[in-house]
Amino acid sequence: MKRFLLWCIRFYQKQVSPQKKRPCCRYIPTCSRYAVTAIERYGALKGGAMALWRVLRCNPFSKGGYDPVPEDPLTTLRRE
């Protein structure tokens with residue numbers, strides 16, 4: 001499952017994202033880079049949940065900014 005998710009994200013990064021006229025992500029690192037890091041660090045389930053939460057927060061009403069993958073994902077989920 002982990003490999004499949006990483007493949008999907010990397011496909012998006014290489015094939016879909018370059019077709020967009022301008023960058024859409026309001027965060028650094030981008031949501032797709034965040035997802036890759038989270039899934040590699042925490043696995044498909046926990047990392048995937050963290051990535052989904054990040055994508056849901058990335059919207060036109062969000063301030064965005066620097067938001068790296070946390071060392072302890074539970075503290076982030078409790079804080080939000």
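FYI, it's all coordinate maths here, none of it is from the lab. Given the structure is predicted, the values throughout are model-derived calculations rather than measurements. Neighbour counts run over all protein chains shown; Cβ positions are idealised from the backbone, glycine included.
Data overview
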item: Estimated vicinal HN-Hα couplings, Hz - region 2-14 in sequence order (Karplus 6.51, -1.76, 1.60; Gly, Pro = x); result: 4, 4, 5, 4, 5, 4, 4, 5, 5, 4, 4, 4, 8
item: Under 9 Å, Cβ to Cβ, from Asp67 - net charge with Lys/Arg +1 and Asp/Glu -1; result: +2
item: All lysines inside 23 Å of Lys21 as judged from Cα atoms, apart from same-chain residues fewer than 8 positions distant; result: Lys63
item: Hits among lysines - C-alpha to C-alpha of Lys14 under 21 Å, sequence gap 8 or more where chains match; result: Lys2
item: Tyr27 long-range amide H proximity, modeled H, under 5 Å; result: Gly65
item: With at most 12 neighbouring Cβ atoms within 10 Å, loop trypsin sites (Lys or Arg not before Pro) (DSSP) excluded, longest segment of the chain; result: 22-62
item: For the chain, alpha-carbon Rg over 2.2 N^0.38 Å; result: 1.08
